Amino acid sequence: MRPSSESVDEVVLRAPTFADVDDVVAVINRASQALRGRDEIDTNGVEGWWAQPRPFDLEADVVVAVRDGGIVGYGDLGDQANDGSVLWLDIWGEECRELHAELERRALARRRPDGVVRAVADERDESLRVTLEERGYRHIRSSYRMGIDVADLEVTPEWPPGAFVRPAAEDVDEPLLHRLNEESFADHWGHTPTPYEEWLHGLRSMGVYDPSLWFVVGVDGEPAGVAICRPWAHGDPDCGWVSVLGVLRAYRRQGLGAALLTHAIAEFQRRGRLRVELGVDAESTTGAVRLYERAGMRVVQRWDIWERTA
């Protein structure tokens with residue numbers, strides 16, 4: 001990192017403190033507005049990410065770029081498996097080259113011999129794309145944010161025979177939700193098991209916490225899938241967010257996923273939301289993209305995943 005004694009025209013990279021949350025939210029949303037005309041995050045999202053349990057370390061895993069006394073760029077480093085197999089870089093705002101160089105240096109120091117470093121970039125972020133290509137990354141996959149306007153939509157879930165849905169019970173069902181979440185996504189590309197305590201922190205602290213939007217779906221009395229939703233997406237009070245929608249492999253292709261999505265949409269509609277959105281792997285082998293398209297959802301954003309192995 002450059003020393004803080006450099007002139008105000010120079011960029012200083014440093015670790016953030018919680019006093020920087022509002023400035024970081026502003027940097028990320030300013031970049032998102034330039035790319036997409038919409039905000040990307042709110043204070044709940046940043047505070048939740050920074051407050052993760054160890055081994056996450058705010059000083060080692062997050063960097064802000066400061067110029068002329070103000071934060072102009074942001075980046076963080078993730079190692080979900082905590083084993084150096086896959087290191088994730090997320091970069092926003094100005095000075096992406098310097099932020100990427102610093103975060104990549106840290107990632108390579110942690111990466112195990114057969115590990116990879118990956119970065120996520122909005123398809124419209126030309127500056128970050130160029131930086132990644134110059135650093136030897138290649139585009140390996142994409143994910144979508146999909147959405148649907150629900151204000152005037154008529155929705156009624158069509159449940160297959162023997163199916164049921166119920167709201168999850170707070171302080172009771174969290175272990176079940178974790179199991180259903182993990183098992184539903186175990187065969188998805190890039191899935192990394194998340195220990196229960198880390199998962200619980202994400203459930204309660206990364207985004208607005210609303211247990212009335214957690215649903216368990218089952219068949220013949222047995223749990224078969226899960227939907228975990230947030231009351232709004234990234235600070236947008238008009239948009240509901242489906243964080244998790246998963247069905248156990250043995251119960252797929254029976255209409256449970258479609259019915260569960262429709263159930264969530266209907267609940268958001270009842271609460272006055274105008275839109276509902278979710279995220280999905282663009283090449284999902286479970287047919288998730290086609291399911292969401294049949295429900296009337298469309299792609300509103302594409303995120304590209306870039307990887308460096310050397």
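Which parts of the range 219-244 would a label at Tyr209 reach, counting a residue when its backbone N lies under 17 Å from a point 7 Å out along Cα-to-Cβ? So the set is 228-232. Please report the accessible area of Met206 (heavy atoms, 1.4 Å probe, ligands and nucleic acids excluded) in Å², nearest 10. About 50 Å², rounded to the nearest 10. Summary of packing: across the peptides 285-294, 56-65, 72-81, the per-residue average of other C-beta atoms within 10 Å ranks them, highest first, as 72-81, 56-65, 285-294. Across all directions, the average flat footprint of the convex hull enclosing the Cα atoms of the range 96-151 is 5.6 nm².
Percent of C-alpha pairs per 20 Å bin in the chain, short distances first: 31, 58, 11, 0.
For the range 71-132, report the translational diffusion coefficient in µm²/s to the nearest whole number, using Stokes-Einstein at 4 °C, 1.567 mPa s, and a Kirkwood Rh over Cα pairs. In µm²/s, the coefficient rounds to 109. Sorted largest first by accessible area at a 1.4 angstrom probe radius, with every protein chain in place, the residues Ser205, Ser85 fall in the order Ser205, Ser85.
Between Trp189 and Arg141, full extension at 0.36 nm per residue minus the direct alpha carbon distance yields a gain of 16.3 nm. In a simple Cβ point-charge model (Lys, Arg +1; Asp, Glu -1; nothing else charged), the chain has a dipole of about 880 debye relative to its Cα centre. Along the axis of the charge dipole computed for the range 170-310 (Cβ charges of +1 for Lys and Arg, -1 for Asp and Glu, origin at the Cα centre), the listed residues Ala295, Ala258, His234 are led at the positive end by Ala295. Calculated mean residue ellipticity, 222 nm, the chain: -9000 deg cm²/dmol, from DSSP H runs (n ≥ 4) at -39500 (n - 2.57) each, averaged per residue and rounded to 500.
Computed extension gain for Arg290 through Leu176, at 0.36 nm per residue and net of the alpha carbon distance, reaches 38.3 nm. Taking all protein chains together and a 1.4 Å probe, the residues Arg271, Arg308, Arg54 rank Arg54, Arg271, Arg308 from largest to smallest accessible area. Seen through its C-alpha gyration tensor, with square-root eigenvalues sorted a ≥ b ≥ c, the range 152-241 comes out oblate because a/c lies at 1.5 or above while a/b is not bigger than b/c.
The values are calculated or read from the model by the stated rules, or taken from the named source; none is laboratory data. On a predicted model such as this, the values are computed, not experimentally measured, just so you know. Cβ coordinates were reconstructed from backbone atoms using ideal geometry, including for glycine residues, and neighbour counts include every protein chain displayed. What goes into the accessible areas is simple: the full protein's heavy atoms, side chains included, and nothing from ligands, DNA or RNA. Shrake-Rupley method; radii C 1.70, N 1.55, O 1.52, S 1.80 Å.
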